[in-house]
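The values are calculated or read from the model by the stated rules, or taken from the named source; none is laboratory data. This is a predicted model, so every value here is computed, not measured. Reconstructed Cβ throughout: ideal geometry from the backbone, glycine too, with neighbour counts over all protein chains shown.
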């Protein structure tokens, strides 16, 4: 009996030991899921790509230096790079007449193109009497080419102080694609306000028919807008550029990579630099004012012109038909009978 109880006690003791062991292992197995968050909550995995992305963005930014701003469809440099680049064609066949009558009234507003541009670009204007505020008699030009002020006074010896410049010269256009344009397109190019600026006369003479490779405005603050306008004109009329011209334009635009193609009707909007010496204003009126009167009174200009019998126009209609209007005193074909107001400019 005693041995039986001893056997039973030993069995119970072994069972308790087994229960204790299995109980501990079951607790460990149920607590093991608490280790799983270490795999889901590993932020180091998500943060490692960030440095590589930042490096790529930085590299992309570096690559874009010197390029046109993204999405700037009218960026001057972008448009320049769309223009065809090839050599200058021969000037054979060029004449001003290929672009229609000079300063024709293409918009039929009663004013010729020259006076339209003077009216647009000058301030403080006065007008010739009985011209319905068409013929500009005087005004002030803030000249974009020199950055100086010019006091304009209409007259035989003073009108040339302000001239109307074709930003893309017609001769240059002829040698770079205008030969393939229609007559109407060439006439439009010659009278398009987008291609015309009132400027300092001597500067216009020095420019002649040069392109950006041979001439740029003395006013460096206007060069970006000037080149951008040339590019805009060439794009509009499907004209090309030479390699030298392309490179000269690109060099200018490198100083202003955000420059866009002008979208206005041609108005120069450049802020004038500080170099606007007041003394440049004084000489011109002083020199111009005394000269017109003695010249007009003392010089019987019609006589020498009438002696030139090789050119004769019956009336202003004939002058305009020949594409020579307006005629200035001293030019072949000028006659006092064509200059009704006696200001030295006939068939205005």
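Would a scan of region 105-120 turn up a residue that is modelled with pLDDT of 95 or more and surrounded by fewer than 19 Cβ atoms within 10 Å (Cβ to Cβ)? Within region 105-120, one or more residues are modelled with pLDDT of 95 or more and surrounded by fewer than 19 Cβ atoms within 10 Å (Cβ to Cβ).
Assigned to a helix (DSSP H, G or I), within 16 Å of the chain's Cα centre (by Cα) and not assigned by TED's automatic domain parsing to the domain that holds residue 347: does that describe residue 226? Against the criterion (assigned to a helix (DSSP H, G or I), within 16 Å of the chain's Cα centre (by Cα) and not assigned by TED's automatic domain parsing to the domain that holds residue 347), residue 226 qualifies.
It is to be established whether one or more residues within region 239-262 are in contact with a helix residue (DSSP H, G or I) (Cβ under 6 Å, 6 or more places away or on another chain), outside any loop (DSSP other than H, G, I, E, B), modelled with pLDDT of 95 or more and under 30 Å from residue 96 (Cα atoms). Looking through region 239-262, at least one residue is in contact with a helix residue (DSSP H, G or I) (Cβ under 6 Å, 6 or more places away or on another chain), outside any loop (DSSP other than H, G, I, E, B), modelled with pLDDT of 95 or more and under 30 Å from residue 96 (Cα atoms).
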